[in-house]
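Colleague: Quick one: the structure is below, and I'll ask about it shortly.
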Protein chains: 2
Amino acid sequence: MEQLFQQRSEAYREAIEAYLSGQFCESTPWGVLHDAMRYSLLAGGKRVRPMLSLEFCRLHGGQWQKALPLGCALEMVHTYSLIHDDLPCMDNDDLRRGKATNHKVYGETMAVLAGDGLQSAAFSLIAAAPELTADQRIEAVAVLAEACGPEGMAAGQVLDLTPHGSEKELLLLHRLKTGAMIAGAAELGCIAADASAAARRQARQYALQLGLAFQVYDDVLDVTGSEAELGKSTGSDREEGKFTFVNLLGVDGALDYARRCTEEAKAALDGMADTQFLRELADRLIRRRN
Amino acid sequence: MEQLFQQRSEAYREAIEAYLSGQFCESTPWGVLHDAMRYSLLAGGKRVRPMLSLEFCRLHGGQWQKALPLGCALEMVHTYSLIHDDLPCMDNDDLRRGKATNHKVYGETMAVLAGDGLQSAAFSLIAAAPELTADQRIEAVAVLAEACGPEGMAAGQVLDLTPHGSEKELLLLHRLKTGAMIAGAAELGCIAADASAAARRQARQYALQLGLAFQVYDDVLDVTGSEAELGKSTGSDREEGKFTFVNLLGVDGALDYARRCTEEAKAALDGMADTQFLRELADRLIRRRN
């Protein structure tokens, strides 16, 4: 199992990096915009979201390469959200994944535009996806736009700005801020494989629990990790007085909560063959150091 | 002619306002995001872009109502660009169309998110457009994403930040910053009517010249108009030392240039029946006071 996971995730990661590296390479008078977009896009993310797209495509009988434009489009949108999140008027972060944030390198104006441009480019990528029918592509546009838009990720970002204190509020926040995009990534893979509506619901269910486990575990790492391990300023969420699962349940309680979400994610796959990769991925996300 | 233009543009405008007013009305815990998006979306724009979509759809034999989701999606993207343009780290404007800018009312953070959300929502709107085939919808996504993205409007915004001094540079700047979206609006109308590739090229040609005339005339108004007439801070472009067509050609020369572009826009329609509305629109854009 260990070996299958390593090999497959390495193959996926290489394909994703190669695909993203091929974007925005043209030489133009506005090259600095391309530079700023590439800087954050190729800053060494874990690529969990596009990997989910590729794996769900494969799982449902599609060639996983067909899901590359969809998964990478979603990764572009994810990247735009990180660039805008880090802006001085948002979280005002200097570091992201151990590197200077986009606006620290290119300035605020360019960081706003790089984020904006990445969002548009994501939809261009889907619209031009080869080997997918118009129906598949428009379904993918609908899923991505819903996942990142004002009833998805953007709503979660707004909730994150407003006081919240109950488990119910935290769950809604995480479901929108990160869950919607992770579920969208899984669903995009199903779309590339022309999977059934039931398969899409199952994929979303797995991904939503995975995303929640990831987020709760992030709260734990934010308290227990060091700056070097996290690649961002430690405890910044706490310092700003944000309410997290650790505040709600303590470190041990939050860890336990993350483990239960992971079990629920895996349970969502029951009755489906060939799900070892997704199960291993879920287990690893709550064992990671950064 | 006068009457036909008045009646048709009134019918279009009413349909556009009604359509946009129906967006983001749901009551949600993140209602302030909806409020911020609606504030700018319904701030009384001229709606030239969606009108072009409706008219080109009608002109090519389509029911103009079919183009409403496409034209209004483009108007949402246009609105997002105005919100982000006005941000302190961009043009730092306090007034837009005579009203306080988005960040002056909702704060910078919400203004960034409202812009981001409007972009996503635009693509959701196209993906869900009724009465259009998947082929038409994905074509529309491609056209809009290209028009606003890093090879279109976003590129133009970057060029606007960098020094430019020649006619050639000004033309490229305007073609990207505003021309791409105006041409996109016209093309979306053609898509809704299933018009030919030749018809789409003709529509783009008209719209690019129209957009250029509009922009050059804007430079003139910026010098000759009063703040009340313009609804924004007069001369702000000059104060920041931006190079405009007035710098290049003087007021009279720029006016003359705008008129020539208008003639070229109308000439692009030659050989096509029923183009009075588009000709009248072109003439009016360089007679407007604001």
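The values are calculated or read from the model by the stated rules, or taken from the named source; none is laboratory data. On a predicted model such as this, the values are computed, not experimentally measured, just so you know. Using ideal geometry, Cβ is built from the backbone for each residue, glycine included, and neighbour counts are taken over all protein chains shown.
Colleague: So which of B:Asp252, B:Asp270 is of a type outside the set (Phe, Trp, Tyr), at pLDDT 90 or above, surrounded by fewer than 20 Cβ atoms within 10 Å (Cβ to Cβ) and in a helix (DSSP H, G or I)?
Modeller: On the way: B:Asp270 fails: in a helix (DSSP H, G or I).
Among B:Asp252, B:Asp270, only B:Asp252 is of a type outside the set (Phe, Trp, Tyr), at pLDDT 90 or above, surrounded by fewer than 20 Cβ atoms within 10 Å (Cβ to Cβ) and in a helix (DSSP H, G or I).
Colleague: Given (1) buried (at least 24 other Cβ atoms within 10 Å of the Cβ); (2) farther than 22 Å from B:Gly62 by Cα; (3) of a type outside the set (A, V, I, L, M), identify the lone condition not met by B:Phe123.
Modeller: (2)
Colleague: I want to confirm something. Restricting to the range A:184-232 and keeping residues that are closer than 24 Å to A:Tyr257 by Cα and of a type in the set (S, T, N, Q), which single residue is modelled with the lowest pLDDT?
Modeller: Of everything passing the filter in the range A:184-232, A:Ser226 is modelled with the lowest pLDDT.
Colleague: Please verify whether the range A:197-205 includes one or more residues that are surrounded by fewer than 24 Cβ atoms within 10 Å (Cβ to Cβ), over 13 Å from A:Leu52 (Cβ atoms) and under 15 Å from the mean Cα position of the chain (by Cα).
Modeller: No, there is no match, as no residue in the range A:197-205 is surrounded by fewer than 24 Cβ atoms within 10 Å (Cβ to Cβ), over 13 Å from A:Leu52 (Cβ atoms) and under 15 Å from the mean Cα position of the chain (by Cα).
Colleague: Would the range A:213-235 turn up any residue that is of a type outside the set (A, V, I, L, M), within 14 Å of another protein chain (Cβ to nearest Cβ) and in contact with a helix residue (DSSP H, G or I) (Cβ under 6 Å, 6 or more places away or on another chain)?
Modeller: Scanning the range A:213-235 turns up no residue that is of a type outside the set (A, V, I, L, M), within 14 Å of another protein chain (Cβ to nearest Cβ) and in contact with a helix residue (DSSP H, G or I) (Cβ under 6 Å, 6 or more places away or on another chain).
Colleague: A:Val158 - would you say it is more than 19 Å from the chain's Cα centre (by Cα), within 30 Å of A:Asp219 (Cα to Cα) and of a type outside the set (D, E, K, R)?
Modeller: Numbers: more than 19 Å from the chain's Cα centre (by Cα): no; within 30 Å of A:Asp219 (Cα to Cα): yes; of a type outside the set (D, E, K, R): yes.
For A:Val158, the condition - more than 19 Å from the chain's Cα centre (by Cα), within 30 Å of A:Asp219 (Cα to Cα) and of a type outside the set (D, E, K, R) - is not met.
Colleague: How many of the residues making up the range A:84-126 are within 7 Å of chain B (Cβ to nearest Cβ), under 19 Å from B:Ser120 (Cα atoms) and not hydrophobic (A, V, I, L, M, F, W, C)?
Modeller: 6
Colleague: If you don't mind, another one. Taking the conditions exactly as written (within 14 Å of another protein chain (Cβ to nearest Cβ) and crowded, with 23+ Cβ neighbours inside 10 Å), does A:Met51 satisfy them or not?
Modeller: Numbers: within 14 Å of another protein chain (Cβ to nearest Cβ): no; crowded, with 23+ Cβ neighbours inside 10 Å: yes.
No; evaluated as a whole, the condition is false for this residue.
Colleague: State the number of residues belonging to the range B:77-130 that are of a type in the set (D, E, K, R) and over 24 Å from B:Gly184 (Cα atoms). Working first, answer last.
Modeller: Initially, the range B:77-130 is screened for residues of a type in the set (D, E, K, R), giving B:85-86, B:91, B:93-94, B:96-97, B:99, B:104, B:108, B:116.
Now drop any that are not over 24 Å from B:Gly184 (Cα atoms), which leaves B:91, B:93-94, B:99, B:104, B:108.
Here the count works out to 6.
Colleague: Being part of a helix (DSSP H, G or I), modelled with pLDDT of 95 or more and within 13 Å of another protein chain (Cβ to nearest Cβ): is that true of B:Arg38 here?
Modeller: yes
Colleague: Turning to a different aspect of this structure: Being within 29 Å of A:Glu14 (Cβ to Cβ), basic (Lys, Arg) and more than 9 Å from chain B (Cβ to nearest Cβ), is that true of even one residue in the range A:65-74?
Modeller: Yes, the conditions are met somewhere in the range A:65-74.
Colleague: Still on this structure, I have one more. Against the condition over 24 Å from B:Ala36 (Cα atoms) and surrounded by 24 or more Cβ atoms within 10 Å (Cβ to Cβ), how does A:Thr133 come out, does it pass?
Modeller: So A:Thr133 does not fit the description; no.
Colleague: Of everything in the range B:138-186, what is part of a loop (DSSP other than H, G, I, E, B) and facing chain A (nearest Cβ under 7 Å)? Give them in sequence order.
Modeller: Result: B:Gly149, B:Pro150.
Colleague: Pairs only if they're at least six apart or on different chains, beta carbon under 6 angstrom, first in the range B:193-213 and closer than 18 Å to B:Arg47 by Cα, second of a type in the set (A, V, I, L, M) and not in a helix (DSSP H, G or I); list them, first residue then second.
Modeller: B:Tyr206/B:Ala268; B:Tyr206/B:Leu269; B:Ala213/B:Ile286
Colleague: Also: Please go through the range A:125-147 and pick out each residue that is among the small types (Gly, Ala, Ser) and out of contact with any Gly (no Cβ under 6 Å at 6 or more places or on another chain).
Modeller: The initial filter retains those residues of the range A:125-147 that are among the small types (Gly, Ala, Ser), namely A:127-129, A:134, A:140, A:142, A:145, A:147.
Answer for the range A:125-147, where residues must be among the small types (Gly, Ala, Ser) and out of contact with any Gly (no Cβ under 6 Å at 6 or more places or on another chain): A:Ala127, A:Ala128, A:Ala129, A:Ala134, A:Ala140, A:Ala142, A:Ala145.
Colleague: Just a yes or no: is a residue in the range B:189-200 within 12 Å of chain A (Cβ to nearest Cβ) and outside any helix (DSSP H, G or I)?
Modeller: The answer is no, given that none of the residues of the range B:189-200 is within 12 Å of chain A (Cβ to nearest Cβ) and outside any helix (DSSP H, G or I).
Colleague: Sticking with this one: Would you check if B:Ser124 is within 20 Å of A:Ile138 (Cβ to Cβ) and either among the aromatic types (Phe, Trp, Tyr) or in contact with an Asp or Glu (Cβ under 9 Å, 6 or more places away or on another chain) (or both)?
Modeller: yes
Colleague: Suppose we keep only residues that are β-branched (Val, Ile, Thr) and crowded, with 18+ Cβ neighbours inside 10 Å within the range B:80-108. Which one would you say is nearest to A:Leu87 (Cα to Cα)?
Modeller: B:Ile83
Colleague: Another question, if that's okay. For the range B:37-48, name all the residues that are surrounded by fewer than 19 Cβ atoms within 10 Å (Cβ to Cβ) and in contact with a Lys or Arg (Cβ under 9 Å, 6 or more places away or on another chain).
Modeller: Within the range B:37-48, B:Ala43, B:Gly44, B:Lys46 meet the criteria.
Colleague: Does the range B:10-36 hold any residues that are under 28 Å from B:Leu212 (Cα atoms) and surrounded by 19 or more Cβ atoms within 10 Å (Cβ to Cβ), and which are they?
Modeller: Scanning the range B:10-36 gives B:Tyr12, B:Ala15, B:Ile16, B:Leu20.
Colleague: Here's another thing I want to ask about it. Name every residue in the range B:152-189 that is out of contact with any Leu (no Cβ under 8 Å at 6 or more places or on another chain), within 22 Å of A:Gln119 (Cβ to Cβ) and either of a type outside the set (A, V, I, L, M, F, W, C) or in contact (Cβ under 8 Å) with a residue 24 or more places away in the chain (or both), in order of residue number.
Modeller: B:Thr178, B:Ala180, B:Glu187
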